[in-house]
Amino acid sequence: MNDILEIPVFADSQSWEAWFRECSGTDQAQSYHAFKHITWPVGPDLDIYFYLVDHFNEHTVKEALSAIIPCAPCILFCGNHLYSREARPLNNMYRFYLSHFRTPVVWLTPEEFLEEKEIHADGQTEEPDYVPLTELSGRALKKAIPQALELIKQKIQKD
Amino acid sequence: MRETFVISDRESIYRMFVTELKGIPVHFTWVGDMDRAEEAFKREKPDFVFFAVRDKKRMHNWLARYKKLQLKLPFICFLGHAQWDERELLWMSGATEVIGLPALRKEFRIIIENILKRPVSQNGITQKFEGALSKYALMDLIQSLEDGRQNGVLTLYNGDLKGDIIFNKGAVVHARLEDFEPLLALQMMAQWQNGSFSFEADKINHKATIKLNNQQIYRECQKYQQKYEKAVAAIPDKEIVFYTSPLLDWEQVGPQARVYLRYFKEGLTPVDFLDQYGNGLLRQAENLNAWIKNGWLIKRSAFNRQMAQLEEEQNRGGMSRIFQRVFNRQKNTGAIDYNLELKTTGENEDSDLLYRRPWVFHLWERVDRFNALMENDDE
């Protein structure tokens, strides 16, 4: 019986699934109604479960993940275009998320897109935490996820 | 479906149970040896426990450790060939049944089926019980129902309000109060000091809408109570009688506020209002504070002054009233600004946070382990 860390992931395209699979060293993803489940066996007795939501539907997200999200260490929002206008579906997810949950969020986005950051006044009250990705690949994700968890931990210790 | 923990150091035994007892409405979970089982019991309480180990010394050791946990769950011991006196010893230590393996398949199945058919709690509450909320705090009630692993509906009454809290084997799984979200409904009911309760046991497997465990619920309720008490403490002159301002334009007020403000028409203290009409909602206490600040609710002296002012206006001739209104518009200090309410309630961001699901993650040790593993990986 392995210990598990469950991390829900909201992504703006289906390509993220391939990168998360590469990061987890698996070529399998179980499909459920609202999300895809990828298991990453990190150590001999520790697994990470990613729940990938790439198709936004308020009802199914609430039904399927409302029990998991409060118990997750953090939520990952993965976007190629952070804050920009192309990222409207992901921003919609983010706004929906903010009004329903309190679990902290970390954004994962490629480094080059951090420059074109644009903060909209609507719905976003503070600048969220983000971890830049050196490239769009499983290897980069593998480095970024521990950073994201560390970020949240430090934030809590500060509070 | 009964949940059964199989405590054994061999997975093959668990597999044997799963294949041989197919079709019986029982779900088996292999929890490993006693070390692991102790961890598992902290997380979950099954309906039955199966101990399966060949070595008798080890069996007694495990049983002693199990007894220490004081779970009071029925358990069955599976041994290799055992003499009568050895079996007797296990029966005396509280085992529901002792079964020597290997056994005849059919016989084995019948024995297990009969044991599992018995009701889970024979000493559970079968009748209704009632009481007053002033004598029992809701949290204590929940705690005692959790200890007894009760299944049923706890109904609370407070004035005209009626709320339900639903239990599944001692765990709070749902709460109903008007149209409020289950967790918020529970937090509101936890603030009720007066009223009564009744509990009716049932055997229904209720649907879980609150996914937090009871400990997490206690924590959330405590946090809510602190905020509620803070909001009540912030109300000025709680013991003094307040009246609804006669200058108040009722059409400018929201429908819910109108209902509450009507109670103050004949004079009422904020404390009495919360006692008689309070539903435990944080926003209600905050609004009371805002209404007093904005002049919707006023003290007796101000009320008399405003009444006199109104009477004077009534007695004046129609033309002079219009002149007064038109030319004194800028100077009119008695007028009420209806936008003020939004500003004061907007200051408190916590009330918005109440409607969001709380963050209850606590397994930081796993995060540390993960980070350590990843660091080693890099090296």
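The values are calculated or read from the model by the stated rules, or taken from the named source; none is laboratory data. Just so you know, these numbers come straight off a predicted model, no measurement behind them. A quick note on method: Cβ atoms are made from the backbone with ideal geometry, for glycine too, and the neighbour counts reach across all protein chains shown.
Within the range B:110-155, count every residue that is among the hydroxyl-bearing types (S, T, Y) and either at pLDDT below 75 or within 21 Å of B:P46 (Cα to Cα) (or both).
Summing the residues that are among the hydroxyl-bearing types (S, T, Y) and either at pLDDT below 75 or within 21 Å of B:P46 (Cα to Cα) (or both) in the range B:110-155 gives 3.
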### Query
Looking at the range B:91-100, is at least one residue assigned to a loop (DSSP other than H, G, I, E, B) and among the aromatic types (F, W, Y)?
no
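Report, by residue number, each residue of the range A:1-22 that is within 14 Å of another protein chain (Cβ to nearest Cβ) and touching a Phe, Trp or Tyr at 6+ places or on another chain (Cβ under 7 Å).
A:I4, A:L5, A:E6, A:I7, A:P8 - these are the residues of the range A:1-22 that are within 14 Å of another protein chain (Cβ to nearest Cβ) and touching a Phe, Trp or Tyr at 6+ places or on another chain (Cβ under 7 Å).
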#### Entry: Residues located in the range B:185-218, provided they are in contact (Cβ under 8 Å) with a residue 24 or more places away in the chain and closer than 18 Å to B:R356 by Cβ
B:L186, B:Q187, B:M188, B:T209, B:I210, B:L212, B:Q216, B:I217
### Query
Can you name the residue in the range B:260-298 that is assigned to a helix (DSSP H, G or I) and β-branched (V, I, T) and is also surrounded by the most Cβ atoms within 10 Å (Cβ to Cβ) among such residues?
B:I292
### Query
Within the range B:19-40, which residues are among the hydrophobic types (A, V, I, L, M, F, W, C) and at pLDDT below 85?
B:L21, B:I24, B:V26
### Query
Applying the selection to the range A:25-49, what residues are within 17 Å of the chain's Cα centre (by Cα) and within 13 Å of chain B (Cβ to nearest Cβ)?
A:W40, A:D47, A:I48, A:Y49
### Task
Would you mind stating whether A:F10 is of a type in the set (F, W, Y), in contact (Cβ under 8 Å) with a residue 60 or more places away in the chain and more than 24 Å from B:L373 (Cβ to Cβ)?
yes
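Please verify whether B:G170 is surrounded by 17 or more Cβ atoms within 10 Å (Cβ to Cβ), touching a helix residue (DSSP H, G or I) at 6+ places or on another chain (Cβ under 9 Å) and within 27 Å of B:V49 (Cα to Cα), treating the condition exactly as stated. Outline the logic, then answer.
Numbers: surrounded by 17 or more Cβ atoms within 10 Å (Cβ to Cβ): yes; touching a helix residue (DSSP H, G or I) at 6+ places or on another chain (Cβ under 9 Å): yes; within 27 Å of B:V49 (Cα to Cα): yes.
Taking the combined requirement at face value, the residue satisfies it.
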### Summary
By my count, helices (runs of 4 or more DSSP H) wholly in the range A:56-159 with at least 1 residues that are closer than 30 Å to B:N376 by Cα, within 14 Å of chain B (Cβ to nearest Cβ) and modelled with pLDDT under 85 are A:138-158
### Task
For residues that are within 14 Å of another protein chain (Cβ to nearest Cβ) and not in a helix (DSSP H, G or I), scanning just the range B:32-83, find the one that is nearest to B:K211 (Cα to Cα).
B:E44
### Query
Looking at the range B:76-97, which of its residues are at pLDDT 85 or above and in contact with an Asp or Glu (Cβ under 9 Å, 6 or more places away or on another chain)?
B:I76, B:C77
